[in-house]
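Here is the structure we will look at, set down as structure tokens.
The values are calculated or read from the model by the stated rules, or taken from the named source; none is laboratory data. Just so you know, these numbers come straight off a predicted model, no measurement behind them. Glycine gets a Cβ as well: all are built from the backbone with ideal geometry, and neighbour counts include every protein chain shown. We work out accessible area using only protein heavy atoms, side chains counted, and drop any ligands, DNA or RNA first. Shrake-Rupley method; radii C 1.70, N 1.55, O 1.52, S 1.80 Å.
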Amino acid sequence: GAGVSQTPSNKVTEKGKYVELRCDPISGHTALYWYRQSLGQGPEFLIYFQGTGAADDSGLPNDRFFAVRPEGSVSTLKIQRTERGDSAVYLCASSLNAGAQETQYFGPGTRLLVL
Amino acid sequence: RKEVEQDPGPFNVPEGATVAFNCTYSNSASQSFFWYRQDCRKEPKLLMSVYSSGNEDGRFTAQLNRASQYISLLIRDSKLSDSATYLCVVTLTWGYQKVTFGTGTKLQVIP
């Protein structure tokens, strides 16, 4: 079946602009995660959704970052007033539920470059 | 101290060699452990879970040592296709699976 999809695959923007990154999880998966991966680093947790609610947003670096999942499926990560330091690959993952042994399936990521 | 630490490598090994990676974690309450594989410019994919009793999947063996707080991955008879970054993943369950990734260990298998 279809895996996790993310759009756009690449995004180039200018410092100060607003961007939206979209994640379409595997159908039926209730848990959705956003991560950020910088070059040479492992993915860094940003936010976790269970259904429509953000159960843990402790990884969001500051209030310029916000994410929604209004219908419990597709999620959008929103970054306001982008900075060059926001350049990274933004990964989305979903799992059937939030159990400890559940496998997280990752999307291909959105490569964000802020000029 | 980082929550999850890995030697970034790179580990350059000849085809057919055996190679082992370790990963240490700092939170003794960590509950689940995984190894993910990430190819260049691709997303991470689950390689295997790591259980206290150890587990094996073909050429890959994973071990967990809770007392010393580390996990290991052993790859036997390395193939060129094993070249990738191997990410150690440690989770806590706080009502959900709170995941921490290591920085990854890069493996390059050489012909």
**Message:** Suppose the chain between B:Asn27 and B:Gln69 were pulled fully straight at 0.36 nm per residue; how much longer would it get relative to their current alpha carbon spacing?
**Reply:** 14.3 nm
**Request:** Hey, could you get me the Stokes-Einstein D for the protein assembly as shown, Kirkwood radius over alpha-carbon pairs, 20 °C and 1.002 mPa s, rounded to whole µm² s⁻¹?
**Result:** 118 µm²/s
**Item:** Unpaired by the 4.7 Å Cβ criterion, cysteines found in the protein assembly as shown
**Value:** B:Cys40
**Message:** Output wanted: per-residue J couplings in Hz (rounded whole) for the range A:101-114, from phi through Karplus 6.51 cos²θ - 1.76 cosθ + 1.60, θ = phi - 60°, x for Gly and Pro.
**Reply:** 9, 5, 7, 8, 9, 9, x, x, x, 10, 8, 9, 10, 9
**Message:** Per residue, how much accessible surface does the protein assembly as shown expose to a 1.4 Å probe? Answer in Å², no decimals.
**Reply:** 48 Å²
**Request:** With label points built 7 Å along Cα→Cβ from the Cα atoms of B:Ser81 and A:Arg111, find their separation and express it in nm.
**Result:** 2.5 nm
**Request:** Evaluate E = 1/(1 + (r/R0)^6) for A:Glu44 and A:Tyr18, where r is the Cβ-Cβ distance and R0 equals 22 Å; express this FRET efficiency to the nearest 0.05.
**Result:** 0.55
**Message:** Probe radius 1.4 Å, ligands and nucleic acids ignored: give me the carbon and sulfur share of the accessible area of the protein assembly as shown as a rounded percent.
**Reply:** 49 percent
**Summed buried accessible area for A+B [probe radius 1.4 Å, Å², rounded to 100]** = 1800 Å²
**Long-range amide H partners of A:Gly99 with built H, under 5 Å** = none
**Message:** Explain nothing, just the number: relative contact order of chain B, from Cα pairs under 8 Å at least 6 residues apart, as a whole percent.
**Reply:** 37 percent
**Item:** Compactness index (Cα Rg / 2.2 N^0.38 Å), chain A
**Value:** 1.00
**Asked** Hey, if you put +1 on the Cβ of every Lys and Arg and -1 on every Asp and Glu Cβ in the range B:1-46, which of B:Phe11, B:Phe34, B:Asn22 ends up farthest toward the positive end of that dipole?
**Response** B:Phe34
**Asked** If you stretched the chain out fully between A:Thr103 and A:Arg84, how much longer would it get, using 0.36 nm times the residue separation minus the C-alpha to C-alpha distance?
**Response** 3.6 nm
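Using the 2.2 N^0.38 Å rule of thumb for compact globular proteins, work out how the range B:15-111 stacks up: its C-alpha Rg over that value, please. Mind dumping the intermediate values first?
On the way: Rg = 13.4 Å, N = 97, 2.2 N^0.38 = 12.5 Å.
The reported ratio for this selection is 1.07.
Apply 1/(1 + (r/R0)^6) to the Cβ-Cβ distance of A:Ala2 and B:Thr18, taking R0 = 30 Å, and write down the FRET efficiency to the nearest 0.05. Each step should come with its number before you reach the end.
Working: r = 37 Å, r/R0 = 1.25.
Calculated transfer efficiency: 0.20.
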